1. What number of residues within region 81-127 satisfy the criterion of being of a type outside the set (A, V, I, L, M, F, W, C) and closer than 23 Å to residue 48 by Cα?
2. Out of the residues in region 67-104 meeting the condition of being more than 24 Å from residue 121 (Cβ to Cβ) and polar (S, T, N, Q), tell me which one is farthest from the chain's Cα centre (by Cα).
3. Does residue 134 count as closer than 25 Å to residue 69 by Cα, crowded, with 17+ Cβ neighbours inside 10 Å and at pLDDT 90 or above?
4. Go through (1) surrounded by 12 or more Cβ atoms within 10 Å (Cβ to Cβ); (2) at positive phi for residue 127 and report which single condition fails.
5. Which numbered condition trips up residue 135, out of (1) in contact (Cβ under 8 Å) with a residue 40 or more places away in the chain; (2) hydroxyl-bearing (Ser, Thr, Tyr); (3) assigned to a loop (DSSP other than H, G, I, E, B)?
6. Regarding region 86-96, can at least one residue be identified that is in contact (Cβ under 8 Å) with a residue 24 or more places away in the chain and either β-branched (Val, Ile, Thr) or in a strand (DSSP E or B) (or both)?
7. Quick one: is residue 77 surrounded by 12 or more Cβ atoms within 10 Å (Cβ to Cβ) and touching a residue at least 12 places away in the same chain (Cβ under 8 Å)?
Amino acid sequence: MLTARFNNSCCSPTPRSAPGRASAHNLSALMESMFSGVTPGATARTFPAINVVEDADNFHVEAELPGFTIDDLDISLTDNLLTIAGERKLDVPAGSEVLRRERPAGKFSRTLKVAVEVDAQHVAAKLKDGILTVTLPKAPQVKPRKISVTPA
């Protein structure tokens, strides 16, 4: 299971139509943040929303970051911890007053523990249409390989 490999159970979505499940999910996320090896508080946050996809050669971490630019983001991989951090500034023109604010502003950070070895030298990130994709190539020893059976 991908989330197990990344040791981040917070990434499974909770249906909005199930309020009781949301409370259980929040409690689970709190317990995970208290007892996991991930940066404190990282699992309790839900911004940005993240999906992790695996193919034969890579892990792809996709984060929803609408309105962000490359300059707003800081991505790092240190000691098997992938951190996506950034800041959205609240731009309010001089002489204006915010009457309602639903779009989050401020700093954020999400950290995922990568539980398998990746090729850190070839990690790449791209931002397109508000989706950040971080590609983590699997280390050669992690990739599955076919073993031929020969007759005895």
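1. Filtering region 81-127 for residues of a type outside the set (A, V, I, L, M, F, W, C) gives 83, 86-89, 91, 93, 95-97, 100-104, 106-107, 109-111, 113, 117, 119, 121-122, 126.
Checking the rest, the ones that are also closer than 23 Å to residue 48 by Cα come to 83, 86-89, 91, 100-104, 106-107, 109-111, 113, 126.
Looking only at that region, the number is 18.
2. Only one residue fits best here, namely 96.
3. Details: closer than 25 Å to residue 69 by Cα: yes; crowded, with 17+ Cβ neighbours inside 10 Å: yes; at pLDDT 90 or above: yes.
It is true that residue 134 is closer than 25 Å to residue 69 by Cα, crowded, with 17+ Cβ neighbours inside 10 Å and at pLDDT 90 or above.
4. That leaves (2) as the condition not met.
5. (3)
6. Going through region 86-96, the residues in contact (Cβ under 8 Å) with a residue 24 or more places away in the chain turn out to be none.
The answer is no, given that none of the residues of region 86-96 is in contact (Cβ under 8 Å) with a residue 24 or more places away in the chain and either β-branched (Val, Ile, Thr) or in a strand (DSSP E or B) (or both).
7. Details: surrounded by 12 or more Cβ atoms within 10 Å (Cβ to Cβ): yes; touching a residue at least 12 places away in the same chain (Cβ under 8 Å): yes.
In short, yes.
The values are calculated or read from the model by the stated rules, or taken from the named source; none is laboratory data. Fair warning: this is a prediction, and the values are worked out from it, not measured in the lab. Reconstructed Cβ throughout: ideal geometry from the backbone, glycine too, with neighbour counts over all protein chains shown.
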